Amino acid sequence: MPPMNPLSLRASRRAFLARSLVGAGVGLTLGRSVLPGLARAGTGSSRKFIFVFAQGGWDPTRVFASEFSNNNVDMEADAERATAGGISYVSHPDRPSVDTFMNAWHDRAVVFNGVMVRSIAHEICTMLAMTGTTSGLTPDWPAILADRQRNAFTLPHLVLGGPSFPGDLGVAVARTGAAGQLEALLNGQALGMSDVPVGSLSSPSQALVDRFVAQRAAARASVSRSAVEDLLNADFQTATQHAGDLKDLQYLMDFTGGAGLANQATVAVDALQKGISRCLTLSASAAFTWDTHAANDDGQSPLWEDLFNGLGQLVQMLANAPGEQEATLLDETVICVLSEMGRTPLLNGLDGKDHWPYTSVMMLGAGLAGDRVVGGFDSSYYGELVDPASGEVADDAQVLSCEAIGATLLALADVDPAEYVMGVEPISGVIA
């Protein structure tokens with residue numbers, strides 16, 4: 001079957017929700033992306049992605065890196081090495097959610113230890129972790145993945161929290177806003193936030209404005225002036241179409257995710273179930289709370305507990321939700337949990353830990369050969385080299401870099417990493 005054009009895709013989405021909402025007694029004509037001819041949702045080309053970002057730099061030795069035999073690493077008092085299936089991790093009585101999560105989901109998870117980010121500056125490390133570059137203009141992994149199917153989703157990449165680098169793919173990215181700005185725009189409450197009184201239009205007047213803007217967008221897209229302007233006009237038309245869909249989405253779901261990971265997870269799963277988004281970015285906590293230069297253990301321990309409590313709820317919701325083509329939404333979704341950097345192996349004079357250019361990443365879900373740890377740390381707490389084909393530590397192999405993590409995510413979506421990352425192979429040994 002030949003690929004559908006964008007107009008056909010929009011018609012398909014609207015037809016689906018029309019049928020769904022009529023059955024519920026609601027008169028709307030917008031809805032879930034149903035894409036005849038698209039690859040099965042369990043395959044890479046249509047996998048969904050959730051990124052959970054812990055901003056500030058977490059300490060992997062408190063969960064992912066069980067370095068108890070390394071004399072150059074200060075491990076936590078009362079912590080001990082534990083195993084769940086093929087995954088070795090750090091257990092602590094103050095973090096029961098870590099044990100619960102690992103015991104429940106180890107078979108779906110891959111832990112990457114010793115990931116190099118090449119910097120110890122928050123902003124640079126964040127760009128590297130999310131884009132593989134330091135330019136700040138390069139689109140991040142979720143933007144690239146979302147843009148591949150921008151016409152199939154109203155909000156291809158929805159950012160509920162955490163960093164976002166849309167680059168030149170901004171038409172595929174939207175933020176809910178820390179104070180619920182997206183929801184306020186949809187329900188009209190944003191008008192009351194203006195310093196200058198602003199009145200709302202009547203429904204007939206609003207319909208005229210919408211029709212005029214849509215016609216102008218179509219007219220601009222129909223005239224070719226230059227390659228750059230053609231791209232801008234195409235993006236303008238796509239954004240106009242998405243804006244029209246968004247007005248109806250206020251009756252379909254609530255975009256107010258709140259600050260907690262569990263609350264954001266509820267919105268994320270809802271957006272995936274309704275076919276509104278392909279990629280979502282969530283925040284593991286308030287900004288920079290993981291930056292524990294003093295009292296490292298007192299600061300990190302409750303953050304890890306909250307993170308894994310929220311992750312457990314997120315994964316369980318995905319496992320309970322029916323998939324579009326696979327048995328569950330978890331079978332169609334890749335979760336990537338990461339931070340922009342790690343922390344030094346030794347405590348400083350304030351019982352804190354400073355910035356370190358090696359960290360850990362966890363992936364879980366669709367397409368992964370789980371129940372394993374990839375990479376590791378040497379005696380100096382530097383990352384080990386990894387053979388991309390097997391995922392095993394090897395002397396003559398590749399640095400386990402943040403670019404390699406990004407390449408692996410792209411490969412999980414059947415995107416050629418060479419289009420975006422040069423000289424780096426994905427860790428294909430973890431792809432089922």
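Just so you know, all these numbers are worked out from the coordinates, no wet-lab data involved. Just so you know, these numbers come straight off a predicted model, no measurement behind them. Cβ placement follows ideal geometry from the backbone for every residue including glycine, while neighbour counts extend to all protein chains displayed.
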Per-residue counts of other Cβ atoms within 10 Å, averaged by peptide: what ranking do you get for 199-211, 410-422, 389-401, 308-320, highest first? 308-320, 410-422, 389-401, 199-211
How large, in Å, is the range 98-210 by the Kirkwood hydrodynamic radius built from its alpha-carbon pairs? 17.7 Å
Summing -39500 (n - 2.57) over every DSSP H run of at least 4 residues in the chain and dividing by its residue count gives a helix-only mean residue ellipticity at 222 nm, to the nearest 500 deg cm²/dmol, of -10500 deg cm²/dmol
Pull up all non-local amide H partners of residue 59: gap of 5 or more, or a different chain, and H-to-H distance under 5 Å with H placed in the peptide plane. none
Place a +1 charge on the Cβ of each Lys and Arg in the chain and a -1 charge on the Cβ of each Asp and Glu, then give the dipole magnitude about the Cα centre in debye, rounded to the nearest 20. 2320 debye
Taking 60 Å as R0, compute the FRET efficiency from the Cβ-Cβ separation of residue 431 and residue 213 and round it to 0.05. 0.90
Furthest towards positive pole of dipole, 234, 383, 212, structure part the chain, Cβ charges: 212
Direction-averaged shadow area of the convex hull around the Cα atoms of the chain, nm²? 23.0 nm²
Would you mind listing how long the range 205-251 runs along its three principal axes, going by Cα atoms, in whole Å with the largest first? 39, 19, 9
Would you mind checking which residues have amide H under 5 Å from residue 281's amide H? H placed 1.01 Å from N; only 5 or more apart, or other chain. 51, 158, 159, 160, 161
Relative contact order (%) - the chain, alpha-carbon pairs under 8 angstrom, separation at least six: 27 percent
Going by average Cβ neighbours within 10 Å, how do the peptides 50-58, 82-90 rank, with the highest at the top? 50-58, 82-90
Karplus 3J(HN,Hα) series, Hz, for the range 67-83 with 6.51 cos²θ - 1.76 cosθ + 1.60 (x for Gly, Pro): 8, 5, 8, 9, 5, 8, 10, 7, 8, 7, 4, 6, 8, 8, 6, 9, 10
So if we plug the beta-carbon distance of residue 348 and residue 380 into 1/(1 + (r/R0)^6) with R0 = 25 Å, what FRET efficiency do we get, rounded to 0.05? 0.90
Separation of the residue 395 and residue 232 label points, Cα + 7 Å toward Cβ, nm: 5.7 nm
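Rounded to the nearest 0.05, what FRET efficiency is calculated for residue 251 and residue 223 with R0 set to 25 Å and r the Cβ-Cβ distance?
Working from the Cβ atoms, E equals 0.10.
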What distance in nm lies between label points placed 7 Å from Cα along the C-beta direction at residue 191 and residue 168? 3.9 nm
Built amide H within the under 5 Å cut-off of residue 352, gap 5+: 295, 296
Any idea which of 322, 342, 304 is furthest toward the positive side of the dipole for the range 243-380, if Lys and Arg beta-carbons carry +1 and Asp and Glu beta-carbons -1? 322
